Amino acid sequence: MKVLITGSKGQLGKKLIEILGKKYQLILTDSTSMDITDIDIIKKVIKKEKPDYIIHAAAYTQVDKAEENIELCREINSYGTKNIAAVAKEYDIKLIYISTDFVFDGKKNKPYTEDDKPNPTSVYGLTKYEGEKYVQKFCEKYYIIRVSWLFGELPIEYKGTNFVEIMLRLAKEKTILKVVNDQIGSPTYTGDLAETIFKIIEKAPEFGTYHFSGDGTCSWYDFAKEIFTQTNTKIDLIPIESKDYTQKALRPHYSYLDKSKIEKTLGIKARPWQKMLSEYLLKR
Ligand SMILES: NC(=O)c1ccc[n+]([C@@H]2O[C@H](COP(=O)([O-])OP(=O)(O)OC[C@H]3O[C@@H](n4cnc5c(N)ncnc54)[C@H](OP(=O)(O)O)[C@@H]3O)[C@@H](O)[C@H]2O)c1
């Protein structure tokens, strides 16, 4: 089995290489070797490599910066995904597209199922949703996997970071930290997500949209508290409301994903997010 990964230098890409690389032949692509905004390059690579699967993990992921860089974000998340979907269809390749809980507006206040209608509140969420629609329009053999609050080991020379690393860095610089307590969701470890993607390829369940994340809800404040508890970090942590914390992008107040479909389909049970965090803290 040959699996091509877009965004292989990213946070999820790193874990996909580790887990899928044990069994499959991987073709690793990044923005230099296969810019997803260039359909000719994509066709050239696909024609040469002939993968059975494409895992499309490449994205413009800077949620706040996206509010100012709308065109660039749309070029990558929306049209880049359109290119990938069109080529996957043309060469009859199964496509796994990684999407986000930020496609929802958060007003439901109950776990979001795959049947709930997206209504993104940010440019990032909107362009990821546009990407979903292109996948559905062009491909029949697709899996859209929506995940939330992703964290995982950072690749070497990776310029970005994740929430856990930001919290641990800030705790070294400050004695008091204010963290938002009214956005509810669930953190997801890249390791658990990569294992789930592996199972999807192995079991080849019915095509369609699936939700996956850590089990149990929390706010960013709860997440930060757990990070500091598990790492024995002393800091004065203060819960605040979103309205008192300036962020360019509007995020959903509630975006917990209902995972019953993927759990039933694959015969798995998502681990509590706290356990995912413990593993990350051991491995980072
Ligand atoms: N991070 C989260 O909290 C979160 C939550 C929900 C869903 N997701 C989704 O999960 C997926 C993986 O996220 P992640 O955290 O692993 O992202 P990440 O670490 O930011 O990695 C994204 C990768 O996309 C690549 N990329 C950007 N523009 C590209 C282009 N034009 N052509 C080819 N590659 C390009 C980048 O490659 P270069 O390094 O080569 O520029 C980068 O390595 C994304 O689809 C994201 O939307 C993430």
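Couple of notes before you dig in:
- Members of the range 219-250 found to be in contact with a helix residue (DSSP H, G or I) (Cβ under 7 Å, 6 or more places away or on another chain), closer than 30 Å to PHE198 by Cβ and charged (D, E, K, R), listed by number: GLU226
- Scope the range 150-176; condition more than 20 Å from GLN62 (Cα to Cα) and surrounded by fewer than 17 Cβ atoms within 10 Å (Cβ to Cβ); matching residues: LYS172, GLU173, LYS174, THR175, ILE176
- First in the range 224-236 and touching a residue at least 12 places away in the same chain (Cβ under 8 Å), second anywhere and basic (Lys, Arg), Cβ under 8 Å, 6 or more apart: PHE228/LYS234; ILE235/LYS174
- The range 51-91, subset among the small types (Gly, Ala, Ser), crowded, with 24+ Cβ neighbours inside 10 Å and more than 21 Å from PHE151 (Cα to Cα), residue nearest to the chain's Cα centre (by Cα): GLY80
- Any hit, the range 163-182, residues being closer than 18 Å to LYS14 by Cα, modelled with pLDDT of 95 or more and within 16 Å of the ligand (Cβ to nearest atom): yes
- Checklist (1) within 13 Å of the ligand (Cβ to nearest atom); (2) closer than 23 Å to ILE36 by Cα; (3) at pLDDT 95 or above applied to CYS139, failing item: (1)
- Pairs, first within 16 Å of ASN162 (Cβ to Cβ) in the range 62-75, second within 11 Å of the ligand (Cβ to nearest atom), C-beta under 6 Å, six or more apart: VAL63/TYR124
- Taking the range 218-284 as the region of interest, the helices (runs of 4 or more DSSP H) fully inside it that hold 3 or more residues being of a type in the set (A, V, I, L, M, F, W, C) are 220-230, 273-283.
- Residue list for the range 222-279, filter: among the β-branched types (Val, Ile, Thr), over 26 Å from LYS174 (Cα atoms) and crowded, with 18+ Cβ neighbours inside 10 Å: ILE262
- Being surrounded by fewer than 18 Cβ atoms within 10 Å (Cβ to Cβ) and over 28 Å from GLN183 (Cβ atoms) is a description that applies to LYS43.
- Residue check, LYS94 away from the ligand (no atom under 15 Å from the Cβ) and either crowded, with 16+ Cβ neighbours inside 10 Å or closer than 26 Å to ILE70 by Cα (or both): yes
- Total residues in the range 247-284, condition in contact with a Leu (Cβ under 9 Å, 6 or more places away or on another chain) and closer than 28 Å to LEU126 by Cα: 0
- When residues of the range 14-40 are limited to those that are in contact (Cβ under 8 Å) with a residue 60 or more places away in the chain and under 19 Å from the mean Cα position of the chain (by Cα), the one surrounded by the most Cβ atoms within 10 Å (Cβ to Cβ): LEU16
- Meets criteria (surrounded by 17 or more Cβ atoms within 10 Å (Cβ to Cβ), near the ligand (Cβ under 9 Å from one of its atoms) and under 29 Å from CYS218 (Cβ atoms)) for VAL147: yes
The values are calculated or read from the model by the stated rules, or taken from the named source; none is laboratory data. Note that the structure is predicted; figures quoted are calculated from it, not measured. In this analysis, Cβ positions are derived from the backbone assuming ideal geometry, glycine residues included, and neighbour counts consider all displayed protein chains.
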